[in-house]
1. Working carefully through the options ARG99, ARG112, ARG46, find the one that is without any contact (Cβ under 8 Å) to a residue 40 or more places away in the chain, surrounded by fewer than 16 Cβ atoms within 10 Å (Cβ to Cβ), closer than 15 Å to ALA25 by Cβ and not hydrophobic (A, V, I, L, M, F, W, C).
2. Which of (1) loosely packed, with under 14 Cβ neighbours inside 10 Å; (2) touching a Lys or Arg at 6+ places or on another chain (Cβ under 7 Å) is the odd one out, the single condition THR75 does not satisfy?
3. What residue, of LEU87, LEU80, is within 14 Å of the chain's Cα centre (by Cα) and within 13 Å of the ligand (Cβ to nearest atom)?
4. When the residues of segment 52-69 are narrowed to those that are touching a helix residue (DSSP H, G or I) at 6+ places or on another chain (Cβ under 6 Å) and within 13 Å of the ligand (Cβ to nearest atom), which ends up farthest from ARG32 (Cα to Cα)?
Amino acid sequence: MQHVHTQISHRAPLQPLTDDQARDAAHFWRQRLRIPQRIILERISRFQVTGEDGRPGWSLVGVVYDTHIATIYHTRILTLEDIVHELLHVQNPSWTESRVVYQTQEIVDSLRSRELSD
Ligand SMILES: [Zn+2]
């Protein structure tokens with residue numbers, strides 16, 4: 001089975017991660033969510049992405065996975081939200097987009113409130 005999920009938008013990223021931070025976050029959340037697949041982060045060009053208006057140059061974050069490997073493709077710098085969101089898709093193939101969005105927000109909010117209380 002191969003799954004493709006994409007978020008395409010012109011929105012600017014919040015809290016962008018460096019490549020090292022993104023790799024660390026993917027490693028951490030892979031373990032936390034008990035995801036068996038190997039995770040690869042793959043930067044691609046905006047010119048490879050055609051948006052809803054039929055024109056290339058759109059921003060994209062998406063994941064393609066099978067039982068062994070999950071590859072997160074991204075045209076822009078990743079955020080923690082992106083990584084949690086895409087890994088939740090891998091962990092829960094049957095979840096709807098809105099459930100993934102909701103659960104991602106729950107996780108990110110709980111991290112923020114923990115940071116504030118420390
Ligand atoms: Zn999604």
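1. Result: ARG112 is the single residue among ARG99, ARG112, ARG46 that is without any contact (Cβ under 8 Å) to a residue 40 or more places away in the chain, surrounded by fewer than 16 Cβ atoms within 10 Å (Cβ to Cβ), closer than 15 Å to ALA25 by Cβ and not hydrophobic (A, V, I, L, M, F, W, C).
2. (1)
3. Just one listed residue meets the conditions, LEU87.
4. VAL61
Coordinate-derived values only; no laboratory data. Model, not experiment: these values are computed from the prediction. With ideal geometry, Cβ positions are generated from the backbone for all residues, glycine too; neighbour counts draw on all protein chains shown.
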